[in-house]
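In what follows, a structure is listed as structure tokens, so that the remarks can point back to it.
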Amino acid sequence: MRVAFVSGERFAPLYELLPEFNAVANRLVEVVAEIPLSELLNRLLGPLAGEDVAASEEGPRPEAPCHLISGHSRYTADLAEQVLALDDWFSAGELAELDPAALEWCRWDGRLVQMPRCVETRLLYYRSDILEDRRERAWFRDASGGHELGVPARWEELAVVAQHFTRRGRMHGFVYPGGDTGLVALFVEILVSMGGRFLEPDGTPAYRTRAGEWTLNLMRDLFRRWEAVPPEMPELTDEDVSHLFRMGLAALACDYIGTERLLRDPTFSAVAGWCSVGPMPVGPGGTRAAWTGSPTFAIPADCPDPEGAVELLRFLARPEHQLREAKYGLLPVHLGARAEAREAGRSGTLAHRRFQLAEETLREAALVPPRFSGYREQEELLRRALLRGITSESTPDEALLATG
């Protein structure tokens, strides 16, 4: 059986279970590609217009057909015609055990075309060792005219704190990616919290407003004016952002909840025990927004053995395997596993706080992009435009107008 999976440290532990499946099912699973999701989608759906994929196509190419692939809920409409519907393979009772919102994100035209693997959202991670340092607090108080240093509750506060902790050559105050869709995620989170809107249900841009310009100006100022964001930002990915924060090279970062395992392990983290987590900042009206969705698995339409693919999918989605991933920071889509993970959390630990904040975010601040065919193209078009506005290749209003 051939599979093509998304790469990334926060997803890797599940793949370690494949030898167990090989033994139990008497099958051999070959991982023919473990690559970033954008590259995987390029190979399944074709490259986006104007995208040079030749430089990124390293390693073995996943020749068709594959049995199982990784996907994501925000690309449900784009993937719908390329994958098999799963409704006939899973009973109503089985689906009732899963998060209904995550299942809805994975439906198109009434068909379940992807299986949610987990639910992911974003929180604000910060270096607790320096934000709580009494000397830093005194320096901040002196530099800010008497204001107290604390975890940023508003985006304007984040900008001020990021400037304070930018130490050229040693640490940046904030870090965000420009090389993948994480740039769009941050833009939309700030935009919505400022009272703006992202896209209409049919994909028409709704961000060409004062709120959109304010948001892009803030991101540009963080990068160019205050140099609080690393100069490598245009090439950074979400994985790079997570790595830079873990290495102690950034004071603040908005990141996905699945980084828990990496943050607390000294093997991966120089700030293990010296970092904490808070909710995403709010806008002037108290609105909070966090980019939310589900990494998924899907069965390609040309799969030569759908029954075998479903068997593997069932194995990977077992509640005990989701509970295992929950210990690493991911939020189970299986409601029973999520409840067990919630009860197992030890009050006062970073893991417990992260889990509580993640569930609170899902209830009150989940930001889920609209589903429509062509979303992938719209997302990439906006990413490129934002990058031009941030690097001052164009003004913010020109950048936003250039997206359609």
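Which is in contact (Cβ under 8 Å) with a residue 12 or more places away in the chain, within 30 Å of A80 (Cβ to Cβ) and among the hydroxyl-bearing types (S, T, Y), of T287, T296?
The conditions single out T296.
So that you can scan it fast, the table gives a plain yes or no per residue for (1) touching a residue at least 12 places away in the same chain (Cβ under 8 Å); (2) part of a helix (DSSP H, G or I); (3) under 30 Å from W108 (Cβ atoms):
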| site | (1), (2), (3) |
| --- | --- |
| A159 | yes, yes, no |
| A162 | yes, yes, no |
| L183 | yes, yes, yes |
| L186 | yes, yes, yes |
| G196 | yes, no, yes |
| Y207 | yes, no, yes |
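If we keep just the residues of region 318-352 that are outside any helix (DSSP H, G or I) and over 20 Å from H72 (Cα atoms), which is nearest to the chain's Cα centre (by Cα)?
Taking region 318-352 first, the residues outside any helix (DSSP H, G or I) are 318, 327-334, 345-349.
Keeping just the survivors that are over 20 Å from H72 (Cα atoms) gives 327, 345-349.
Numbers: K327: 18, G345: 23, R346: 25, S347: 26, G348: 25, T349: 23 Å.
That would be K327.
Take L123 and tell me if it is touching a strand residue (DSSP E or B) at 6+ places or on another chain (Cβ under 9 Å) and either at negative phi or buried (at least 18 other Cβ atoms within 10 Å of the Cβ) (or both).
Spelling it out, L123 is indeed touching a strand residue (DSSP E or B) at 6+ places or on another chain (Cβ under 9 Å) and either at negative phi or buried (at least 18 other Cβ atoms within 10 Å of the Cβ) (or both).
Kindly indicate which of E189, E200 is out of contact with any Pro (no Cβ under 7 Å at 6 or more places or on another chain) and surrounded by fewer than 16 Cβ atoms within 10 Å (Cβ to Cβ).
Going through E189, E200 in turn, the sole match is E200.
I need every pair where a residue in region 303-317 that is assigned to a helix (DSSP H, G or I) has its Cβ under 8 Å from the Cβ of a residue that is of a type in the set (V, I, T), sequence separation at least 6 or different chains.
Close Cβ pairs (under 8 Å, with a partner that is of a type in the set (V, I, T)) amount to P306/I299; A309/I299; V310/I299; L312/V3; L312/V29; L313/I299; F315/V24.
Tell me which of these G348 doesn't satisfy, since it passes every other one: (1) touching a residue at least 12 places away in the same chain (Cβ under 8 Å); (2) under 21 Å from Y256 (Cα atoms); (3) of a type in the set (G, A, S).
Status for G348: all satisfied but (1).
Rundown of residues vs (1) at pLDDT 90 or above; (2) of a type in the set (S, T, N, Q); (3) out of contact with any Leu (no Cβ under 7 Å at 6 or more places or on another chain); (4) under 30 Å from R264 (Cβ atoms), yes/no style:
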position: L350; (1), (2), (3), (4): no, no, yes, yes
position: V368; (1), (2), (3), (4): yes, no, yes, yes
position: S373; (1), (2), (3), (4): yes, yes, yes, no
position: R376; (1), (2), (3), (4): yes, no, no, no
position: E398; (1), (2), (3), (4): yes, no, yes, no
position: T403; (1), (2), (3), (4): no, yes, no, no
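The values are calculated or read from the model by the stated rules, or taken from the named source; none is laboratory data. The shown structure was predicted, so the numbers you read here are calculated from the model rather than taken from an experiment. All Cβ positions, glycine included, derive from the backbone under ideal geometry; neighbour counts span all protein chains shown.
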